[in-house]
1. Mind listing just one residue for me: the one in region 144-164 that is more than 19 Å from P28 (Cβ to Cβ) and touching a residue at least 40 places away in the same chain (Cβ under 8 Å) and, of those, nearest to the chain's Cα centre (by Cα)?
2. Which of the residues belonging to region 152-186 are modelled with pLDDT of 85 or more, hydroxyl-bearing (S, T, Y) and not in a helix (DSSP H, G or I)?
3. With the requirement that a residue be of a type in the set (A, V, I, L, M, F, W, C) and either assigned to a loop (DSSP other than H, G, I, E, B) or surrounded by fewer than 19 Cβ atoms within 10 Å (Cβ to Cβ) (or both), what does region 129-147 give you?
4. Name the one entry in V212, V183, V123 that is within 22 Å of H256 (Cβ to Cβ) and either assigned by TED's automatic domain parsing to the domain that holds V289 or surrounded by 20 or more Cβ atoms within 10 Å (Cβ to Cβ) (or both).
5. Listed residues L157, L170; which is surrounded by 13 or more Cβ atoms within 10 Å (Cβ to Cβ) and under 28 Å from E260 (Cβ atoms)?
6. Taking strands (runs of 3 or more DSSP E) that do not extend beyond region 203-246, which have at least 1 residues that are over 30 Å from W271 (Cβ atoms)?
7. In this structure, does E118 turn out to be buried (at least 18 other Cβ atoms within 10 Å of the Cβ), of a type in the set (D, E) and in contact with a helix residue (DSSP H, G or I) (Cβ under 6 Å, 6 or more places away or on another chain)?
Amino acid sequence: MASIGQTVEQTSTSEVLSRAQARAMLVPDCMVEAKRIANTVIAGWHGRRQRGIGENFWQFRPYAEGESLSRIDWRRSARDDHTYVRDREWEAAHTVWLWADLSPSMMYKSTLAQVSKESRALVIMLALAEILARSGERIGCPGIMEPVSSRNAAERLATAIMHAPQATGLPETAMIRGQSDIVLIGDFLDDADEVMSRLTPLGRRGLRGHVVEIADPAEEIFPYSGRTEFTDPETGEKLVAGRAENIRDQYQIAYHARREALGQALRRLGWTFAFNRTDRLASEALVAVHGYLSGMPSQRSAGSTGATA
């Protein structure tokens, strides 16, 4: 028995190392793609900017009686007959926690998809970190990186992910204090009630949550026919269907019912929900989440973006 256990342990260790190496090779390419996508949508991101105490210029506005004369911008005022003061931007960095599921099920990529679910989740996560960092927000990742406020927060997050230990399931959130936003990106294929049993306590603690479900098109379409063997990447369990096409309708009903139940439960919690297929653009989900974080939900249709407020 000792030799058998030793073999299993060695195999498990080998798989973990192989998985870590594959992730380390994937992250740099995801970072490049994330920056590209971030640059395409950055113009529409306004963050939480408002007038207040800070160092950055916000706007010129007419001088009001009783205000300090030291705030008058004489150069701007000299251009016409009005007196203007220079407002500065209110600076109060907000903390946004970002998490992407890196469990084995996320490695799936069918022939219908452009990328794996893991790659898509990482790109959305890092692109969001890039834009939020440019807006001056603090970026953290539960269990992987403490919140930082830095222009290179996305690169630091990418490095932390490359060296993160293998993990499954939703992240531990005991380290999150105070009111923050948390963005969770994964396939969320577990039963909706099981997922909500983990998320509901977070909502009750005051966290504002945003869930992004990543789906491979084959998981929705179920294009299989004939004798097909399905393997659970998490447990290794197998299911053999003699004629896979005979269970397509039943499967699709169950699949979409799970998503609908999850979306409804999240909305009742006051959270937002979006989904993104890996045969569509990552920027669609990115724009939707940006809108939720800035208080301006995307106006695109659910069929186009897969987003629901």
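1. The selected residue is P147.
2. S180, the sole residue that qualifies.
3. The answer is I144, and nothing else.
4. V212
5. On inspection, the qualifying residue turns out to be L170.
6. Fully inside region 203-246 and qualifying: 228-231, 238-241.
7. yes
The values are calculated or read from the model by the stated rules, or taken from the named source; none is laboratory data. For clarity, every value in this text was computed on a predicted model and none was experimentally measured. Note: ideal-geometry Cβ built from the backbone for every residue, glycine included; neighbour counts use all protein chains shown.
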